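Q: Below you will find the structure I want to go over with you.
The values are calculated or read from the model by the stated rules, or taken from the named source; none is laboratory data. None of these values were measured; they are calculated from a predicted model. Virtual Cβ from ideal backbone geometry, glycine too; neighbours counted across all protein chains shown.
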Amino acid sequence: MRPSNPHVNPEPEARGAVSGAPLDRPDSAGLRWRLIESLQRVTVASERYVDSAARSARVHKTDLHALNAVLESERSGEAATASDLARHLGLSAPATTALVDRLQKQGHVERRRDAADRRRIELHTTDLARRTGSRIFRPLALALDSMAGAYTDDELRLIEGFLHRASTTIDEAADGAARRAAEED
């Protein structure tokens, strides 16, 4: 059974169609454009959730993005550094230092020296950060898990692959935009 989305109106003019976009075409190009629009809506909805969650937890949105980046590094078996965080978030060195100082003061991250290279300072999340993240994002995760239950395992693998590739493509586009902006300065 395929889930239907009551929030999607198939009429291009009702979706705020961009002039010249292939939205009214029933072929592959139209479908791809509708996927792009759907990703834009997911991005906006996600940002709205993060804004609300950050306000309710009395944490700055950038702090949540930073904690997520450190957690992602930990999940991949790597330790994040302040330099990694600066690149990931597009922050200057002084802004990153202030951010890490704030996260450390709040008890969300710890700075630790790398055992192999004592000059390198690694960032690690604390139990408090993981509990805070769980409190903030568990309701969303449960809602998304419930929604995903309407799909077969094969469909979920396909969606997972698409979203992974979309995320990589967006990251690459962001890196390209940052390079172009730096070249213009």
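Conditions (1) more than 23 Å from G77 (Cα to Cα); (2) in contact with a strand residue (DSSP E or B) (Cβ under 8 Å, 6 or more places away or on another chain), marked per residue:
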site: R113; (1), (2): no, yes
site: T132; (1), (2): no, no
site: L140; (1), (2): yes, no
site: M147; (1), (2): yes, no
site: A150; (1), (2): yes, no
site: E155; (1), (2): yes, no
site: E160; (1), (2): no, no
site: R165; (1), (2): no, no
site: R179; (1), (2): yes, no
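Q: Do you know which residues across region 93-118 are under 22 Å from G133 (Cβ atoms) and polar (S, T, N, Q)?
A: If the condition is that a residue be under 22 Å from G133 (Cβ atoms) and polar (S, T, N, Q), then T96, Q104, Q106 are the ones that fit.
Residues checked against (1) in the same structural domain as S46 (by TED's automatic domain parsing); (2) at negative phi; (3) surrounded by 12 or more Cβ atoms within 10 Å (Cβ to Cβ):
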site	(1), (2), (3)
E72	yes, yes, yes
G77	yes, no, no
R111	yes, yes, yes
T168	no, yes, no
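Q: Kindly indicate whether any position in region 109-129 is touching a residue at least 24 places away in the same chain (Cβ under 8 Å) and in a helix (DSSP H, G or I).
A: Yes: region 109-129 contains one or more residues that are touching a residue at least 24 places away in the same chain (Cβ under 8 Å) and in a helix (DSSP H, G or I).
Q: Out of (1) surrounded by 11 or more Cβ atoms within 10 Å (Cβ to Cβ); (2) under 29 Å from R58 (Cα atoms), the odd one out for S92 is which?
A: So the condition that S92 fails would be (1).
Q: Follow-up. Given (1) in a helix (DSSP H, G or I); (2) under 25 Å from D171 (Cβ atoms), where does Q104 come up short, assuming only one miss?
A: Failed condition: (2).
Q: Filter region 114-144 down to residues that are within 17 Å of the chain's Cα centre (by Cα) and of a type in the set (D, E, K, R) and give me whichever is surrounded by the fewest Cβ atoms within 10 Å (Cβ to Cβ).
A: Applying the filter and picking the extreme gives R138.
Q: What pairs come up if the first residue lies in region 156-185 and is farther than 17 Å from I36 by Cβ, the second is modelled with pLDDT under 90 and not polar (S, T, N, Q), and their beta carbons are under 8 Å apart, counting only those six or more places apart or on different chains?
A: So the pair list comes out as A178/G90.
Q: Looking at (1) outside the structural domain of L67 (by TED's automatic domain parsing); (2) within 30 Å of G107 (Cα to Cα); (3) modelled with pLDDT of 95 or more, can you tell me which one R157 breaks?
A: (2)
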